[in-house]
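A.B. asks: Take a look at this one; I'll ask things after.
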Amino acid sequence: MSDWIDLRSDTVTRPTPGMRDAMHQADVGDDVYGEDPTVRSLERLTAGMLGKEAGLFCASGTQSNLVALLTHCQRGDEYIAGATAHTYKFEGGGAAALGGIQPQTLPFEPDGTLDLDAVETLIKPDNVHFARTRLLCLENTQDGKATGSAYFRTARKLADRHDLGLHLDGARYFNAVTATGETSSAIAEPCDTVSICLSKGLGAPVGSVLVGPEEFIHQARRWRKVVGGGMRQAGVIASAGLYALEHHVGRLSEDHEKAELVAAAVNARFQGAAEANTNMVFVKLPGGEFERLIDHFQRHQIRINRNRWVFHLDVTFEDADRIVEAIAGF
Ligand SMILES: *Cc1c(COP(=O)(O)O)cnc(C)c1O
C-alpha cells in the first residue's frame, strides 16, 4: 500500500518512526496495579490539556464512551444523543446491552449540534412511568464539523437546570480545538467528561482517554475493568498516545488545509459538490458518478469509501496534489 493514498478514515495511520522509538523506550509496569508510569503520564497530560482533574486510558473510543455512560447512568436511566451519534449508532448498542441504559435520540442540526430547545422537550419528568433522563451526550467534531465552547456553555446551563450530566464524545476533540482556535480546555470546560481518541488524526495505533473529575474517573476505572479494559504493561501503547499529544496536535491544521485543497478541486469540477469540515471532505455526486470516480481513483492509487474523504498524517501535501490532479483528470 506504500504508494496508495488512503482516504477511508484517519484511523488508517501507522505509527511514525519517532512514535515507534517512544514505544520501544517506554517505561512500563502493571497498570491494573496503577504501576505503569507511562499510562499515568498520558492520563495526567490529557487531563491537564483538557483542564480536568483525572484521566483514564481506554482501549478504544467505544470503550471510553461506554465506560462514561456506565458511570454517568444506572439501569433504567436514559441518555440523550444525536440519532447518528457514535455513542448511539456505532457502538453496538453497548449502553443498552451492558448497562440497561436507554437512548433518546434526536437528529443533529446541519452544523453538527443538537437543538437545545428540542433536547429540553425530550427530558422526561420525574414520574414512575418514565425512564430517568440522566445524561446529555454531545459530539465534537460531528461529521467533521467543529463547534466552539459557547454552545457547550449553553448546554451546561440546560444540564444544570435538569440535573443532567454532560458527556462529550470528542473523538476528534483536537480537530475542533484547531478549527475554533480556542484553548485546549475551553470546549471541555463546560462538560463533565470528555472522551478523546488517540488513534484518529493524532496518529497513535490504539487508545482513547476519558477525562473528568477525580471521583468520576475512580468509578470509571472499575467499569473499565468490568468491560475488559484493565490492561497490564499498557505503557507500550500509551507511549504512542503521549508522543501523539506532544508532536501531532500542532500539525492537525495541515490536515484541514489538505481537505480544503481537495474540496476546492472537486468544486472546480462539480460546482458545490464538496464541503470541507476540519479534516474531512463530504462529496455529493449524482448516482453512477461515484462508481466511476472510485474506479478512476483506483487507477491513481487513491482509496475512498465513498462520499467521506478523511485527511490525516499519512496523506502528505504531495499526496493532496496527486488527488487534485486526479480530480482534474476525471
Ligand atoms: C472513532 C470514533 C469513536 C471511537 O471509535 P473507536 O473505533 O472505538 O476508537 C467515537 N466517536 C466518534 C465520533 C468517532 O469518530
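The values are calculated or read from the model by the stated rules, or taken from the named source; none is laboratory data. For clarity, every value in this text was computed on a predicted model and none was experimentally measured. Quick reminder, even Gly has a Cβ in these numbers, built from the backbone with ideal geometry, and neighbours come from all protein chains shown. Surface areas here come from the heavy atoms of the whole protein model, side chains and all, with no ligands, DNA or RNA. Shrake-Rupley method; radii C 1.70, N 1.55, O 1.52, S 1.80 Å.
A.B. asks: Please go through the stretch 186-208 and give me each residue that is hydroxyl-bearing (S, T, Y) and open to solvent by 10 Å² or more (accessible area, probe 1.4 Å), ordered by number. Talk me through it step by step, then tell me what you get.
C.D. replies: Filtering the stretch 186-208 for residues hydroxyl-bearing (S, T, Y) gives 193, 195, 199, 208.
Residue satisfying the conditions is S199 alone.
A.B. asks: Could you list, in sequence order, all residues of the stretch 233-263 that are without any contact (Cβ under 8 Å) to a residue 40 or more places away in the chain and small (G, A, S)?
C.D. replies: Correct list: G250, A263.
A.B. asks: Which residue pairs have Cβ atoms under 6 Å apart, sit 6 or more places apart or on different chains, and have a first residue in the stretch 18-37 that is modelled with pLDDT of 95 or more and a second that is aromatic (F, W, Y)?
C.D. replies: M19/Y243; A22/Y243
A.B. asks: Here is a follow-up. Which count do you get for residues in the stretch 213-225 that are within 14 Å of L66 (Cβ to Cβ) and in contact with a helix residue (DSSP H, G or I) (Cβ under 8 Å, 6 or more places away or on another chain)? Steps first, please.
C.D. replies: Step one: of the stretch 213-225, the residues within 14 Å of L66 (Cβ to Cβ) are 219-225.
Still in the list and also in contact with a helix residue (DSSP H, G or I) (Cβ under 8 Å, 6 or more places away or on another chain): 219-220, 223-225.
Summing the residues that are within 14 Å of L66 (Cβ to Cβ) and in contact with a helix residue (DSSP H, G or I) (Cβ under 8 Å, 6 or more places away or on another chain) in the stretch 213-225 gives 5.
A.B. asks: Testing G93 on (1) farther than 24 Å from A186 by Cα; (2) crowded, with 22+ Cβ neighbours inside 10 Å; (3) within 16 Å of the ligand (Cβ to nearest atom), one condition comes back false. Which one is that?
C.D. replies: Of the numbered conditions (1) farther than 24 Å from A186 by Cα; (2) crowded, with 22+ Cβ neighbours inside 10 Å; (3) within 16 Å of the ligand (Cβ to nearest atom), the odd one out for G93 is (2).
A.B. asks: Would you tally the residues in the stretch 124-162 being within 16 Å of the ligand (Cβ to nearest atom) and open to solvent by 60 Å² or more (accessible area, probe 1.4 Å)?
C.D. replies: Residues meeting the conditions: 1.
A.B. asks: Any residue in the stretch 30-48 that is open to solvent by less than 50 Å² (accessible area, probe 1.4 Å), more than 16 Å from the ligand (Cβ to nearest atom), under 28 Å from R221 (Cα atoms) and touching a Pro at 6+ places or on another chain (Cβ under 8 Å)?
C.D. replies: For the stretch 30-48, residues open to solvent by less than 50 Å² (accessible area, probe 1.4 Å), more than 16 Å from the ligand (Cβ to nearest atom), under 28 Å from R221 (Cα atoms) and touching a Pro at 6+ places or on another chain (Cβ under 8 Å): absent.
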